[in-house]
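Asker: Let me give you the structure first, and then I'll get to my questions.
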Amino acid sequence: MIEKRFGEFGGAYIPELLVPVLKELETCFEKAVKSSEFQAKLDSYLSRYAGRPTPLYLAENLSRRLGNIKVYLKREDLLHTGAHKINNTIGQALLAKFMGKKRVIAETGAGQHGVATAAAAALLGLECEIYMGSKDAERQKLNVYRMNLLGAKVIKVSSGSKTLKDAINDALRDYTTNCNDTHYVLGSALGPHPYPGIVRHFQSVIGLEARKQVIEQEGRLPDYLVACVGGGSNAIGLFSHFMDDKDVKMVGVEAGGEGISTGRHAARISGDGKKGVLHGSLTYVLQDPFGQIRETHSVSAGLDYPAIGPEHAYLSTTRRVEYVHVSDSDALGGFHLLSTTEGIIPALESAHAIAYLPVLSGKCKKGDVAILNLSGRGDKDVEYVGRIEGLI
Amino acid sequence: MNFVPYLCCGDPSLSMTKSFVKAMEPYSAVIELGIPFSDPIADGKTIQEASIRSLNNGTNTDMVFGMVRELRSEGILIPFVFMAYYNTVYSYGRGRFIKKMKDFGVQGLIIPDLPFGEDREIEVVAKAGGISIIKLIAPNTVPERAGELIENEGMYTYLVSAYGTTGARSDVSEESLEFVRRMRKFAGNGKTLYVGFGISNAGQARRFAGAGADGVIVGSALIEIYSGRTLKGSSEGLKPEIDRMESLARSIHNI
């Protein structure tokens, strides 16, 4: 059973047409995860196709630079297609097959989830269409081509702000129209029930492995978990297996953009979001006084979204997780810090989590252990950062 | 046949919306007033674009309430139903929104992204405030739930004619007609069933009437009559468009 609400958050605020569709999705998901055949297929693809388990790597140079804290990186960046997204897309594409659907659709911001969905669809022989804001498609032309190479059709969305939130709007509209033969592969732990629970389930493999690995390598549980939070799937994936370990503190890092006071950011919990409903879920949302959804900003497209997964909203009210934000320029600092100390170029999303480490280290006792979820690699961002810095 | 127009408040301006209301009133059973929302997931291109135009004009919830108050003070007595997305109502404060509807003279509320049962509290508040919450039934709604929705009907029950979003279509599928027939049989004759989504002409309306619908809701087709024009201000500038809207309304009303 996956929970429909996290405290007061979550729920399913959707058109009536989707009520039976999401009910069927929930029923099939529960059947699938109990099926040993489904699980065996998933495990096989995750290990032989995607590259699981990912290493837990002790970043000694980075730790030395930081001072107090001993940092382990959970290397989701090493996965096929370059980020944790593939854990969920293989799971959901298998689920689509399990339900007898012929076609999958997905939304994408920068393109990571779109590429991961297109790869899973190619692998499993599903027709695939990806919704992408026209502004994002322009900024990430290479990823559009990558999705095309994988056999997916990219539909450019030119309504609203022409970014991720509008791509989700159009994907939901498509789902409402074509639900009889189509499964919507939502990319993060957000949206209406049962999506937040489904995505958490498929991403919880991160936490499952990390818990076992840290006990093997360090002989104990960590003091901290750190992850960036856009919709929040990589964070919830890591956190999920440590929820009951009361001594493990958890930090979610949101995009502070150009600063909360400028309004140009994507900090829903640690910034100025208010309770509201976007894309089917009650959560913290960046909105104006009349409930119109605000445009957001972040240097990282994957964090540039006005709502946060409902379980994160709940975990912030119970204080189980602390949410903080990191600015664009600090995130760029994190991008360089990991590149130069460890020879690993992080995705700009993950660079937000890296950039919080110096702050965290300052609060730590010598020898405190942290696991940072390195959710994606930075190949996709190299050209963009180079241009920002005027180097290419 | 009962005709129910949907108007997107503030597109092209609130004063024009008032003119449209006055033009539609003689032919209408109810008028649906849409409060524009930035992310209208149940709507197709036409209403999405109308909503954006309205929001770009600065329209907000208080201004829509103000427009209703003016219409009531000018002697417009037809029942009004608000069509508002859930976040619009939630952010305003559900109790405050319902009370203001009551005070300003809006009788019903459709929330296209709030399925029945998801927010019991608003049902209770609306009932206490004498506001009717209109339920939608879709072609894939299971019979048990359709029964529950009809049992808890508001001023009318909104039948969503086809899979997808709002938006004018010119034809009617046999599936849509069959769905309406099925719901009529299921609900019996005492219930008010209006069909919406995709209706743009009297020919379609006549076929839905034949299938047992008491009325049709027309939105996108009305907006498309004037949306090519960017005129603001007086209704004089949109006289030919208003004439065409009236003639569409009349042709359905006369069925």
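Asker: Assess whether B:Ile225 counts as being over 14 Å from the mean Cα position of the chain (by Cα) and open to solvent by 10 Å² or more (accessible area, probe 1.4 Å).
Answerer: yes
Asker: Okay, moving on. Out of all the residues in the range A:356-392, which are in a helix (DSSP H, G or I), open to solvent by 20 Å² or more (accessible area, probe 1.4 Å) and closer than 22 Å to A:Glu254 by Cβ?
Answerer: If the condition is that a residue be in a helix (DSSP H, G or I), open to solvent by 20 Å² or more (accessible area, probe 1.4 Å) and closer than 22 Å to A:Glu254 by Cβ, then A:Pro358, A:Val359, A:Gly362, A:Lys363, A:Lys380, A:Tyr384, A:Ile388 are the ones that fit.
Asker: Right, next: Does at least one position in the range A:363-379 carry a residue that is among the acidic types (Asp, Glu) and modelled with pLDDT of 95 or more?
Answerer: Among the residues of the range A:363-379, at least one is among the acidic types (Asp, Glu) and modelled with pLDDT of 95 or more, which makes the answer yes.
Asker: While we're here: Considering (1) within 22 Å of A:Tyr195 (Cα to Cα); (2) more than 22 Å from the chain's Cα centre (by Cα), say which one A:Asp245 fails and leave the rest.
Answerer: All conditions are met except number (1).
Asker: Mind checking which pairs have a first residue in the range B:105-133 that is within 11 Å of chain A (Cβ to nearest Cβ) and a second that is surrounded by fewer than 16 Cβ atoms within 10 Å (Cβ to Cβ), Cβ under 7 Å, 6 or more apart or different chains?
Answerer: Pairs that qualify, where the first residue is within 11 Å of chain A (Cβ to nearest Cβ) and the partner is surrounded by fewer than 16 Cβ atoms within 10 Å (Cβ to Cβ), are B:Phe116/B:Asn152.
Asker: Here is a list of conditions, (1) hydroxyl-bearing (Ser, Thr, Tyr); (2) within 10 Å of chain A (Cβ to nearest Cβ); (3) surrounded by fewer than 15 Cβ atoms within 10 Å (Cβ to Cβ), and B:Ser173 meets all of them except one; can you say which number that is?
Answerer: With (1) hydroxyl-bearing (Ser, Thr, Tyr); (2) within 10 Å of chain A (Cβ to nearest Cβ); (3) surrounded by fewer than 15 Cβ atoms within 10 Å (Cβ to Cβ) applied to B:Ser173, the lone miss is (2).
Asker: So, in the range A:138-166, of the ones that are without any contact (Cβ under 8 Å) to a residue 60 or more places away in the chain and basic (Lys, Arg), which residue ends up least open to solvent (accessible area, probe 1.4 Å)?
Answerer: In this case the residue turns out to be A:Lys162.
Asker: Something else about it: Of all residues in the range B:50-87, which are in a loop (DSSP other than H, G, I, E, B), surrounded by 15 or more Cβ atoms within 10 Å (Cβ to Cβ) and not aliphatic (A, V, I, L, M)? Walk me through how you get there before you give the answer.
Answerer: Filtering the range B:50-87 down to residues in a loop (DSSP other than H, G, I, E, B) leaves B:57-60, B:74-79, B:84-85.
Going one step further and asking which of them are surrounded by 15 or more Cβ atoms within 10 Å (Cβ to Cβ), we end up with B:57, B:59-60, B:76, B:78-79, B:84-85.
Residues satisfying the conditions are B:Asn57, B:Thr59, B:Asn60, B:Pro79, B:Tyr85.
Asker: Quick check on this structure: which one of B:Gly147, B:Gly167 is surrounded by fewer than 22 Cβ atoms within 10 Å (Cβ to Cβ) and within 24 Å of B:Ser51 (Cβ to Cβ)? Quick ask: steps written out before the conclusion?
Answerer: On the way: B:Gly147 fails: within 24 Å of B:Ser51 (Cβ to Cβ).
Only one candidate passes the filter, namely B:Gly167.
Asker: Tell me, which residue of the range B:114-144 that is in contact with a Leu (Cβ under 9 Å, 6 or more places away or on another chain) and within 21 Å of A:Lys4 (Cα to Cα) is most open to solvent (accessible area, probe 1.4 Å)?
Answerer: Let us first name the residues in the range B:114-144 that are in contact with a Leu (Cβ under 9 Å, 6 or more places away or on another chain), namely B:115-116, B:122, B:126, B:131-141.
Retained after the next criterion (residues that are within 21 Å of A:Lys4 (Cα to Cα)): B:115-116, B:122, B:141.
Numbers: B:Pro115: 10, B:Phe116: 27, B:Ile122: 1, B:Thr141: 8 Å².
If we take residues in the range B:114-144 being in contact with a Leu (Cβ under 9 Å, 6 or more places away or on another chain) and within 21 Å of A:Lys4 (Cα to Cα), then B:Phe116 is most open to solvent (accessible area, probe 1.4 Å).
Asker: Within the range B:198-218, does at least one residue satisfy the condition of being modelled with pLDDT of 95 or more, of a type in the set (Ser, Thr, Tyr) and buried (at least 23 other Cβ atoms within 10 Å of the Cβ)?
Answerer: no
Asker: Going by the structure shown, is A:Glu3 acidic (Asp, Glu) and either assigned to a helix (DSSP H, G or I) or buried (at least 21 other Cβ atoms within 10 Å of the Cβ) (or both)?
Answerer: Here the answer is no, as A:Glu3 does not meet what is asked.
Asker: With the range A:133-194 as the region, which helices (runs of 4 or more DSSP H) entirely inside it contain at least 2 residues that are within 23 Å of B:Lys45 (Cα to Cα), at pLDDT below 95 and away from chain B (no Cβ under 14 Å)? Break it down stepwise before answering.
Answerer: Working: elements: A:134-139, A:141-149, A:164-178.
Filter on the range A:133-194 gives A:134-139.
Asker: Is it fair to say B:Phe97 is out of contact with any Pro (no Cβ under 9 Å at 6 or more places or on another chain), on the phi < 0 side of the Ramachandran plot, among the aromatic types (Phe, Trp, Tyr) and open to solvent by 10 Å² or more (accessible area, probe 1.4 Å)?
Answerer: Criteria not met by B:Phe97.
Asker: May I ask you to verify whether B:Ser200 is among the hydroxyl-bearing types (Ser, Thr, Tyr), assigned to a helix (DSSP H, G or I) and either within 19 Å of B:Pro5 (Cβ to Cβ) or within 14 Å of chain A (Cβ to nearest Cβ) (or both)? Steps first, answer last, please.
Answerer: Details: among the hydroxyl-bearing types (Ser, Thr, Tyr): yes; assigned to a helix (DSSP H, G or I): no; either within 19 Å of B:Pro5 (Cβ to Cβ) or within 14 Å of chain A (Cβ to nearest Cβ) (or both): yes.
When the stated conditions are applied, B:Ser200 does not pass them.
Asker: Is at least one residue of the range A:46-63 open to solvent by less than 60 Å² (accessible area, probe 1.4 Å), over 27 Å from A:Asn373 (Cβ atoms), of a type outside the set (Lys, Arg) and not in a helix (DSSP H, G or I)?
Answerer: No, the range A:46-63 has no match at all.
Asker: Being free of Cβ contacts under 8 Å to residues at least 60 places away in the same chain and either hydrophobic (A, V, I, L, M, F, W, C) or in contact with an Asp or Glu (Cβ under 8 Å, 6 or more places away or on another chain) (or both) narrows it down to one of B:Ala168, B:Ala187, so name that one.
Answerer: Exactly one residue qualifies, and that residue is B:Ala187.
Asker: Follow-up. If you go through the range B:21-39 one residue at a time, how many are touching a residue at least 24 places away in the same chain (Cβ under 8 Å) and within 8 Å of chain A (Cβ to nearest Cβ)?
Answerer: Number satisfying all stated conditions: 2.
Asker: While we're looking at this one, here's another question. In the range A:68-76, is there at least one residue being in a helix (DSSP H, G or I) and modelled with pLDDT of 95 or more?
Answerer: yes
Asker: Return only the number of the condition from (1) modelled with pLDDT under 95; (2) part of a helix (DSSP H, G or I) that B:Lys100 does not satisfy.
Answerer: For B:Lys100, the exception is condition (1).
Asker: Here's a follow-up. If A:Gly11 satisfies all but one of (1) touching a residue at least 60 places away in the same chain (Cβ under 8 Å); (2) more than 14 Å from chain B (Cβ to nearest Cβ); (3) not hydrophobic (A, V, I, L, M, F, W, C), what's the number of the condition it fails?
Answerer: A:Gly11 satisfies every listed condition except (2).
Asker: Out of A:Lys101, A:Lys97, A:Lys85, which single residue is within 19 Å of the chain's Cα centre (by Cα) and open to solvent by 10 Å² or more (accessible area, probe 1.4 Å)?
Answerer: That would be A:Lys85, the only listed residue that is within 19 Å of the chain's Cα centre (by Cα) and open to solvent by 10 Å² or more (accessible area, probe 1.4 Å).
Asker: Can you spot a residue in the range B:62-78 that is within 9 Å of chain A (Cβ to nearest Cβ) and either under 18 Å from the mean Cα position of the chain (by Cα) or without any contact (Cβ under 8 Å) to a residue 60 or more places away in the chain (or both)?
Answerer: Yes.
Asker: Can you name every residue in the range A:50-92 that is closer than 19 Å to A:Val251 by Cα and polar (S, T, N, Q)?
Answerer: Hits for the range A:50-92 are A:Ser63, A:Asn68.
Asker: Now for a separate question. Where in the range A:254-342 are there strands (runs of 3 or more DSSP E), lying fully within it, with 1 or more residues that are within 14 Å of chain B (Cβ to nearest Cβ) and either open to solvent by 20 Å² or more (accessible area, probe 1.4 Å) or touching a residue at least 40 places away in the same chain (Cβ under 8 Å) (or both)?
Answerer: It comes to A:274-278, A:281-285.
Rundown of residues vs (1) in contact with a Cys (Cβ under 6 Å, 6 or more places away or on another chain); (2) among the aliphatic types (A, V, I, L, M); (3) buried (at least 17 other Cβ atoms within 10 Å of the Cβ); (4) not in a helix (DSSP H, G or I), yes/no style:
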| site | (1), (2), (3), (4) |
| --- | --- |
| A:Phe202 | no, no, yes, no |
| A:Ile206 | no, yes, yes, no |
| A:Gln217 | no, no, no, no |
| A:Val226 | no, yes, yes, yes |
| A:Gly230 | no, no, yes, yes |
| A:Asn234 | no, no, yes, no |
| A:Asp247 | no, no, no, yes |
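Asker: Quick one: how many residues across the range B:139-162 are at the interface with chain A (Cβ under 9 Å from one of its Cβ atoms), touching a Ser or Thr at 6+ places or on another chain (Cβ under 8 Å) and modelled with pLDDT of 95 or more?
Answerer: 2
The values are calculated or read from the model by the stated rules, or taken from the named source; none is laboratory data. The structure presented is a predicted model; accordingly, all values stated were derived computationally and were not measured. Positions of Cβ are backbone-derived with ideal geometry, glycine not excepted, and every protein chain shown enters the neighbour counts. Ligands, DNA and RNA are stripped out before the accessible areas are found, and what is left, the full protein with its side chains, is counted by its heavy atoms. Shrake-Rupley method; radii C 1.70, N 1.55, O 1.52, S 1.80 Å.
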